[in-house]
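To start, the structure itself, in structure tokens.
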Amino acid sequence: MQELADIWNIEYQRVPHWSQPTHVENIFNYIANGSIEMLWVSGTNPMVSLPHLTRSREILSKKELFLVVQDIFPTETTAIADVVLPAAQWGEKRGVFTNVDRTVHISQKAVEPPGEAKPDFEIFLDFGRRMDFRCKDGSPLMPWQTEEDAFNAWKRLSAGRPCDYTGLSYEKLTGGSGIQWPCNKEHPSGKERLFADGKFFTDIEHCESYGHDLETGAPYSKAEYEGMNPGGKAILKACHYIPFEEQVNEDYPFQVATGRQVYHFHTRTKTGRSTALQQADPEPVVRINEEDARHLQITDGDEVLLTSRRGQVQMKASIGRIAKGQVFLPFHFGYWDATDARARAANELTTHNWDPVSKQPMFKSGAVRVEKCSALGGEKGTIYAREAQTSTIEKVERTKKDARTVEDSRQRQRHLGLWLGTTYESMRTLQGAYKSLVDRVIPDPEVHHGLRVIQRIHGDAIKTIEPLTKKYEAATTYGQKKGSSGLDRSTVSLRMRT
């Protein structure tokens with residue numbers, strides 16, 4: 001982190017590094033409790049792709065949340081955004097991207113982006129300029145003028161690391177079919193195999209982290225990692241099998257899994273607008289085992305209702321190619337091009353759980369009930385599953401018009417203010433305790449000196465945090481109650497044993 005701060009010419013403390021990256025489900029938790037009041041979504045569609053969509057819709061449509069969405073086409077998420085930033089797509093911008101096999105490619109601009117759309121690079125650069133982000137010496141934090149300038153800055157960051165790009169250039173990447181990193185003086189044409197010599201990036205002074213416990217997600221300490229005697233060896237880990245938290249039962253007898261179809265990608269932002277792909281796979285279908293289908297009297301093409309503990313979807317059935325007791329449905333389909341009111345997004349059903357290490361949502365587990373729609377009664381064609389997207393958009397349009405009035409801002413609970421107030425008042429109380437110790441401790445020059453040093457450091461910390469309490473409206477009265485724990489800092493009395 002110090003190297004990164006030095007290259008960027010910023011203070012070390014300004015580089016977020018004090019904890020692991022905040023994964024998306026925790027980001028949503030922070031939005032729910034009020035800690036995050038602005039979210040910038042770029043190139044993804046959480047209103048379809050995230051699990052437990054009822055909860056995701058509720059959080060993303062909070063009137064206190066200012067939502068910015070940057071994408072190339074209208075989506076379910078842009079529909080509820082406060083600000084939409086139209087982005088250019090592949091072929092409309094220039095830049096470099098890296099495949100999962102480490103192959104670096106250059107993408108040249110073929111046509112100009114339509115309307116007000118801009119490349120992501122220009123959007124982020126414009127934001128940085130408007131926010132006036134600067135280095136320690138006062139110069140712009142992002143001084144780049146072209147995509148190639150940013151690429152060269154990344155090359156500098158990658159130097160000496162496993163993903164070393166220093167031997168690459170826009171000129172070198174142009175006209176070929178890509179080059180694999182590392183590409184440097186040692187490997188001027190890239191390197192096809194990373195570990196052909198049997199040496200891995202596991203040396204304790206070389207690796208970037210020490211790994212995690214696969215069952216709990218807890219990070220290993222340096223001492224625990226040393227105990228594995230890594231020494232450049234590959235580390236194979238095993239853990240106990242943990243059953244899914246949500247098991248099937250009489251009410252929900254089928255295990256549900258979601259996944260991909262060959263014709264679509266992600267939430268169909270692009271593939272759903274391709275005539276050929278859409279004709280090949282126009283709507284979602286649920287796959288059901290032959291024996292299960294016979295028991296439920298379901299045949300190919302029948303409309304079925306799937307119900308989980310969180311929601312419902314309705315779609316046609318496809319019989320076969322799946323194990324007994326399981327059902328499968330694609331997650332690609334949302335509501336931007338839906339022609340009726342059926343709920344069809346697979347994540348209406350999925351659980352709100354994730355893997356403790358990767359933080360990947362558990363899309364492959366959950367329990368559902370399957371029912372043939374015609375067996376539920378009602379006229380033919382009756383829609384039994386309620387589609388929630390339209391109601392969410394209407395709700396957002398109603399509530400976000402005046403969501404940021406001063407009165408509303410004062411009424412909502414500000415967790416940052418509570419935390420700052422408690423921290424500030426606790427520090428002041430502790431400062432009083434130090435003073436009391438200095439006055440009452442047995443006469444020992446070394447102890448006195450140490451206490452006065454601690455008192456000075458603590459005083460400097462109080463001076464640093466004090467402006468923030470004013471800037472972010474810290475709840476100091478609340479902090480006095482919580483931080484002092486009933487003690488008057490002017491009469492703190494500490495008894496010491498002799």
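Between Leu494, Leu487, Leu468, the distinction of being open to solvent by 40 Å² or more (accessible area, probe 1.4 Å), out of contact with any Cys (no Cβ under 9 Å at 6 or more places or on another chain) and modelled with pLDDT of 80 or more belongs to Leu468 only. When Gly176, Gly160, Gly167 are checked against the criterion of being at pLDDT below 95, closer than 30 Å to Glu205 by Cβ and open to solvent by less than 80 Å² (accessible area, probe 1.4 Å), Gly160 stands alone in meeting it. Based on what the data block shows, is Ser35 more than 23 Å from Ala343 (Cα to Cα), touching a helix residue (DSSP H, G or I) at 6+ places or on another chain (Cβ under 7 Å) and open to solvent by less than 70 Å² (accessible area, probe 1.4 Å)? So Ser35 passes the test.
Whenever a residue of the range 82-100 is farther than 22 Å from Asn152 by Cβ and without any contact (Cβ under 8 Å) to a residue 40 or more places away in the chain, its partners that are of a type in the set (Asp, Glu) and open to solvent by 50 Å² or more (accessible area, probe 1.4 Å), lying with C-beta atoms within less than 6 angstrom and at least six residues away or across chains, give the pairs Pro86/Glu116.
Between Lys155, Lys172, Lys191, Lys233, which is basic (Lys, Arg), in a helix (DSSP H, G or I) and touching a Phe, Trp or Tyr at 6+ places or on another chain (Cβ under 8 Å)?
Lys155
Does the range 125-147 include one or more residues that are part of a loop (DSSP other than H, G, I, E, B), of a type in the set (Lys, Arg), surrounded by 13 or more Cβ atoms within 10 Å (Cβ to Cβ) and without any contact (Cβ under 8 Å) to a residue 24 or more places away in the chain? Checked against the condition, which is being part of a loop (DSSP other than H, G, I, E, B), of a type in the set (Lys, Arg), surrounded by 13 or more Cβ atoms within 10 Å (Cβ to Cβ) and without any contact (Cβ under 8 Å) to a residue 24 or more places away in the chain, the range 125-147 yields no hits at all.
Of all the residues in the range 423-447, those that are of a type outside the set (A, V, I, L, M, F, W, C) and at pLDDT 80 or above number 8. Figure legend. Inter-residue proximity from the range 292-315: first residues on the phi > 0 side of the Ramachandran plot, second residues among the charged types (D, E, K, R) and not in a helix (DSSP H, G or I), beta-carbon distance below 6 Å, spacing 6+ or different chains. Indicated pairs: Gly301/Lys316.
The values are calculated or read from the model by the stated rules, or taken from the named source; none is laboratory data. Fair warning: this is a prediction, and the values are worked out from it, not measured in the lab. With ideal geometry, Cβ positions are generated from the backbone for all residues, glycine too; neighbour counts draw on all protein chains shown. Side chains are part of the model used for accessible areas, which takes the heavy atoms of the whole protein and leaves out ligands, DNA and RNA. Shrake-Rupley method; radii C 1.70, N 1.55, O 1.52, S 1.80 Å.
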